[in-house]
Amino acid sequence: MSPRSRWSDLERPPLNAAALRTALVREGGPYTGLTVTESTGSTNADLRAAARAGTAPAGTVLVAEEQTSGRGRLGRGWSAPPRSGLFFSVLLAPGPAVPAARWGWLPLLAGVAAATALSRTAGVDTALKWPNDLLVTVDGEERKFGGILAERTAGRDGDPAVVLGIGLNVSLRAEELPVPHAGSLRLAGAPVLDRDPLLRAVLRSLADWYTRWADSGGDPAASGLDAAYAAGCATLGRQVRAELPGGAELHGEAAAIDGDGRIVVVTGDGTRHPLAAADIVHLRAT
């Protein structure tokens, strides 16, 4: 059997694309199509190209069994063995009913959707790290096992859209981690590692939250998104180091998420700093 066979690792069977489409794609629903590809560089890059070419309508889902050039925030790479995780992108077009200023909530929305779905379906506690990391506890330590990347794009007709990419480590073993401080559902002791029900749960949760948010005009309060994010966010109330674009840093308490989805860091002199772009490091209590 070829080492690249879809069945070369019996602990990691391939996703059932036909069953996923039957469960998730239906007329009038939020998802208009779902494709599972064996390997690609980046599902986000592929879906953005398809949107521009006019071959991917809003609601298209692209899933890869393996990503060879996956990307996270700030240009960081994201890689994992084939079929060891969930790597997928969704094309969303909120339309004129949702002001563009509120589109920044989409990665936070995806975090809430993924965390709540996985806590319920995988049977392991998950948490959010602002703005778009998902955390599990492994050996008493917080570890990142998932990330979200939202990129604005446009369809062939020029209408604005967003490609929302999600990557989740499911069955990675310790020796397969890209960095020692990463995590996976397996390492967190999750009793459910079957990727089919996990992906269905995450996509259904994403559809529910996205519909609620879009129907409220993107209002994070009216949709309940801001409260749900705050309830699941491990960053709030913590002492953090905010690494800012350009190399500057802020130290203080992550006090709140404001109405634009920004993290508000309060420094020692009491000044409140709303941050839209920063790499947040959780500091240990001393």
So what's the stretch 177-286 giving for Cα Rg divided by 2.2 N^0.38 Å, two decimals? 1.31
Sorted by accessible surface (1.4 Å probe, heavy atoms of the protein chains only), largest first, Ser216, Ser89 come out as Ser216, Ser89
If R0 = 41 Å, then Glu27 and Ala285, at their Cβ-Cβ distance, give a FRET efficiency to the nearest 0.05 of 0.20
Any number yet on Rg/Rh for the chain, C-alpha, Kirkwood? 0.96
For the chain, which longest stretch is free of loop sites, where a loop site is one of the GluC sites (Glu not before Pro) that DSSP puts outside H, G, I, E and B and that has at most 13 other Cβ atoms within 10 Å? 39-286
Rough spin-label spacing in nm, given labels placed 7 Å along Cα→Cβ, for Thr267 and Ala230: 2.5
Between Glu151 and Ser39, what is the FRET efficiency for a Förster distance of 22 Å, r being their Cβ-Cβ separation, to the nearest 0.05? 0.60
Heavy-atom accessible area per residue of the stretch 79-222, all protein chains kept, 1.4 Å probe, expressed in Å², is 37
The stretch 69-199: proportion of alpha-carbon pairs further apart than 23 angstrom, %: 33
If each residue of separation counts as 0.36 nm, what is the full-extension length gain between Arg120 and Leu10 once their alpha-carbon separation is subtracted? 37.1 nm
What distance in nm separates the two pseudo spin-label positions at Glu176 and Arg212, each 7 Å out from Cα along the beta-carbon direction? 3.3
What is the dipole size for the chain, taken about its Cα centre, with +1 at each Lys and Arg Cβ and -1 at each Asp and Glu Cβ, in debye to the nearest 20? 380
Please compute the modelled spin-label separation between Glu243 and Asp139, points set 7 Å along Cα→Cβ, answer in nm with one decimal. 2.3
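The values are calculated or read from the model by the stated rules, or taken from the named source; none is laboratory data. Note that this is a predicted model, so its numbers are computed, not measured. FYI the Cβ positions are ideal-geometry reconstructions off the backbone, even for glycines, and counts take in every protein chain you see. Each accessible area value is taken on the protein alone, full model and side chains, heavy atoms only, with ligands, DNA and RNA left out. Shrake-Rupley method; radii C 1.70, N 1.55, O 1.52, S 1.80 Å.
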